[in-house]
Amino acid sequence: MARKHLKILALVLAAMMLLSACGGSSGAETPAPADSGAKPAESSQSTQASQPAAPAAPAASGPKHLNAAIYWTAATIDPAVDYDGWTSCRAGITETLVWVNENLELKPLLADSWEQPDPSTWVMHIRDGVTFHNGNAVDAAACKASLERTMEINSRAVTTAKIESIEADGQNLTIHTSEPFGAFLFCLSEPLYSIIDVNDPADPATNPVGTGPFKCLSFKAEELIELEAYKDYWNGASPIDTVSLYVISDDSTRAVALQAGQIDMGQRIGAADIETLKNDSDYAVYEASGTRLQVLALNHTNQFLSDVNVRKALACCINYDAMVAITGGLYAVAGAPYPASAPYGYDQLDRQHYDLEAAKKCLADAGFADSDGNGYLEKNGKELAFTLGYADKSLATALEAVQSMAKAVGIKLTLQPVDTEPDLNEDNFEIFAKNWQSLSTGDPQWMLDNMYKTGGVSNAAQYSNATVDALCDELTGAFEFADRQRITIAAEEQILTDCVHVYLFSKNNFVMANNKVSGVTVFPIDYYFLTNTIDING
Amino acid sequence: MSYYVKKALRDPQFMLFFCLAVILILIPILAPWLAPNDPIENDYANLMIAHSDKYPLGTDQIGRCFLSRLIYGGRTSMLIVFIVIAISASIGILLGVLAGYLGGKTDTFITRFTDIVIAVPQTVFVIALVSVMGPSLRNTILAMSLVSWTEYCRVTRALVLSLKQNTYVEEGRMAGMREMRLVSRLILPNVFPHLLVLITQDIGAKLLTLSGLSLLGLASQPPTPEWGYMLSEGRQFMQSAPRLIFLPGMTIVLNVIIFNLLGDSLRDILDPRFIKKKTHRRQLKQWLENT
């Protein structure tokens, strides 16, 4: 009999759980985030001067400690190794000669002025009074030693900025480039070119001695970076005394850590948590339109994708506004090779947009028809079908929406999740959902050279167009911003005419914090995070 | 058999779970008539709503009717589970009968082989197989069937071993029944009720394995609705829309519980302590009369 009672009890419990689940969900739910993209960002309240401003004087109370979280570290934080310097830059340990501010403008940092005696030579004046965390003064010789070490360790450092030789004289740093290179200064803003004291005995892999507002006390890869404010920071010491910078890779775990009080602020939020945090007055969500683009990379060697009509049909069948709504405000509409936040003619371009009729017409023009009545189009007996690969699992739902949008015009997409993102080449993909940093240094050239120029290292699509190639070459020799802007927009127009890829959306950058934290700035480029203006009360 | 049917009809506990199980099986079968909307149609004007007249259980993050997806989800889940059980039970019963009835080297070979397969943890083996073959429904069915026949094989072998010692089997052999007939008329009918318990309880277990695989993205492929995959899709909305994980989760739990309890009550009915020896003799007598 006892057995029977147990079974009945189990059933009743199950029924109760089911009921409570239904009840609980309808109560806790937030309305559809359809218009969240248009909601004014709270970051406006935090905009600050284009150069880090001196913070308010620290309060007299005890030592201030900040717990913060980032989402990634490599095995080291040595700026010269791979992309590891992005972490030391986020942590505010190291700084570069120049930087790109929240409006994507190039601004002086360690170098306070520069001139160009001839097209391939740059003379930069290193700011007076700047010291490394060990107290040593920063002069041109120290910068030369640091840059030369980086170029020795990392081949990217040589090719990106095209540096040929460096000379040091007092506070004047002279850099010769291998050819006249318009994007040179922007390239120097990448954390790769961070300046550290190479003569310090500390191991740069775990303790790079930089010039930033925070010095590194200890570093545990993928776990924790302990920081201490550098009291002699040249631009005004941080009001905070110590920082524990945790590494939490999972978006929802990071958000829960904030809600649980384990951290005070964190970089990046998952789509599901944006509304929750925005609706909770205990937390602030700072956002800025970012420079990362979510792209459907198309392989032009594919028998169908080689036809511009098919590529256009793919671009037209996507409801971009719906896509942004689906991702819960995490993204902004793109439709062009550079995001709306970049000063490269976003508004004047004929961008990719939702137009079902145009998509259907393109496919009909290309000779496709649904001859077997299964809802998908065919041509010469072959079905218009592609595999759509992706590595970022958080995109799965958005790509399911893309799948159903493509189905509406008769294109069959099969989603293919992969564990690690492959290096794309002409043989290993048809369509792949790629995340591109379109303006990694605030300048458009890197992207054009690598992705669109014939033979570019990341041009897996095998796109080739003489006009774009010529514009890339012209861009290399253009130094005036207006010229660079004009050339870039011309290249963009050609790229959109050829519908090289489908530009789904651009990612917004988010910083979340609780109400105790103030002075937060969120940048379009996500390798800036901790600054000397951040303060914490209580 | 009619003895069991009568006993089952008199058992209210069994009848309750049996009716519930029938409902659970009927819902996916009648999905096109029950579901209020198309489970893969997106309504971009109604994303993530909790409840409306058109969408009784709301919509998911890309505007699909959640109730319809739950109902259609059962189609995929239950169909796979039944196919897997059909395949693995067939393999298992065949090998079990061979091992138990023939004995000798055949028995040793089959038993050792079964032991080898059992030695590898099932779920890990399935994940490895699916990862190698590529995630798709067909491969999932194949992989799950390849590892789950062992239980049926062992139970069948043990039952056959004990049944073939019975005098009515001896009598059948002396009466001139051929081996095949002996197995199909005298042994299998007596093995089957016990396997029925195993099969019923296996439905729940297989449903859990399948959901686990889908959660990892190894079974059902979008946009096909499937409970485990719905769970994985809803996971990130645990805070803002808990129904997206609670509803598919509860559906899985409910199915597993009901089929397990059905198996339990079935076992109570078929408990050998209550089986009368008479039935076996009656079967033999019937056969003799017919020939």
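The values are calculated or read from the model by the stated rules, or taken from the named source; none is laboratory data. All figures in this text were calculated on a predicted structure; none of them were measured in a lab. Here the Cβ is made from the backbone with ideal geometry for all residues, glycine too, and neighbour counts use every protein chain on show.
If you check A:GLN416 against the conditions, is it among the polar types (S, T, N, Q), touching a Ser or Thr at 6+ places or on another chain (Cβ under 6 Å) and within 14 Å of chain B (Cβ to nearest Cβ)?
yes
Could you go through region B:228-239 and let me know if any residue there is within 27 Å of B:LEU266 (Cβ to Cβ), surrounded by fewer than 21 Cβ atoms within 10 Å (Cβ to Cβ) and of a type in the set (Gly, Ala, Ser).
For region B:228-239, residues within 27 Å of B:LEU266 (Cβ to Cβ), surrounded by fewer than 21 Cβ atoms within 10 Å (Cβ to Cβ) and of a type in the set (Gly, Ala, Ser): absent.
Can you tell me which residue within region A:99-109, out of those that are within 19 Å of the chain's Cα centre (by Cα) and surrounded by fewer than 24 Cβ atoms within 10 Å (Cβ to Cβ), is nearest to A:SER189 (Cα to Cα)?
A:LEU106
Confirm whether A:ASP365 is exposed (fewer than 15 other Cβ atoms within 10 Å of the Cβ), at negative phi, more than 14 Å from chain B (Cβ to nearest Cβ) and in contact with a strand residue (DSSP E or B) (Cβ under 8 Å, 6 or more places away or on another chain).
Answer is no for this residue.
Name every residue in region A:153-206 that is farther than 15 Å from A:GLY85 by Cα, in contact with a strand residue (DSSP E or B) (Cβ under 8 Å, 6 or more places away or on another chain) and assigned to a helix (DSSP H, G or I), in order of residue number.
A:ALA161, A:PHE184, A:LEU185, A:PHE186
A:ALA401 passes all but one of (1) at positive phi; (2) within 14 Å of chain B (Cβ to nearest Cβ); (3) in contact with a helix residue (DSSP H, G or I) (Cβ under 6 Å, 6 or more places away or on another chain); (4) not charged (D, E, K, R); which number fails?
Unmet condition: (1).
Within the bounds of region B:179-189, is there any residue that is under 30 Å from B:TRP227 (Cα atoms) and in a helix (DSSP H, G or I)? Write out each step before concluding.
We begin by selecting, within region B:179-189, every residue under 30 Å from B:TRP227 (Cα atoms); these are none.
So far as region B:179-189 goes, no, none of its residues is under 30 Å from B:TRP227 (Cα atoms) and in a helix (DSSP H, G or I).
Identify the residue in region A:439-475 that is polar (S, T, N, Q) and in contact (Cβ under 8 Å) with a residue 40 or more places away in the chain and, among all such residues, is farthest from A:LEU188 (Cα to Cα).
Ranking the qualifying residues of region A:439-475, first place goes to A:GLN462.
Here are some conditions: (1) at pLDDT below 90; (2) out of contact with any His (no Cβ under 8 Å at 6 or more places or on another chain); (3) over 30 Å from A:LEU395 (Cβ atoms). B:THR156 meets all but one. Which one does it not meet?
(1)
Could you tell me whether region B:65-72 includes any residue that is in contact with a Ser or Thr (Cβ under 9 Å, 6 or more places away or on another chain) and loosely packed, with under 14 Cβ neighbours inside 10 Å?
no
Which condition from (1) buried (at least 18 other Cβ atoms within 10 Å of the Cβ); (2) under 17 Å from B:LEU67 (Cβ atoms); (3) within 13 Å of chain A (Cβ to nearest Cβ) is the one that B:THR224 breaks?
Here B:THR224 meets the rest and fails (1).
In the set B:ILE245, B:ILE203, which member is within 13 Å of chain A (Cβ to nearest Cβ), of a type in the set (Val, Ile, Thr) and closer than 25 Å to B:ALA35 by Cα?
Of the residues listed, the single one that is within 13 Å of chain A (Cβ to nearest Cβ), of a type in the set (Val, Ile, Thr) and closer than 25 Å to B:ALA35 by Cα is B:ILE245.
Pick out the one residue from A:LEU395, A:LEU388 that is within 14 Å of chain B (Cβ to nearest Cβ), more than 14 Å from A:GLU430 (Cβ to Cβ), crowded, with 16+ Cβ neighbours inside 10 Å and in contact with a strand residue (DSSP E or B) (Cβ under 6 Å, 6 or more places away or on another chain).
Step by step, each of A:LEU395, A:LEU388 is checked, and only A:LEU395 is within 14 Å of chain B (Cβ to nearest Cβ), more than 14 Å from A:GLU430 (Cβ to Cβ), crowded, with 16+ Cβ neighbours inside 10 Å and in contact with a strand residue (DSSP E or B) (Cβ under 6 Å, 6 or more places away or on another chain).
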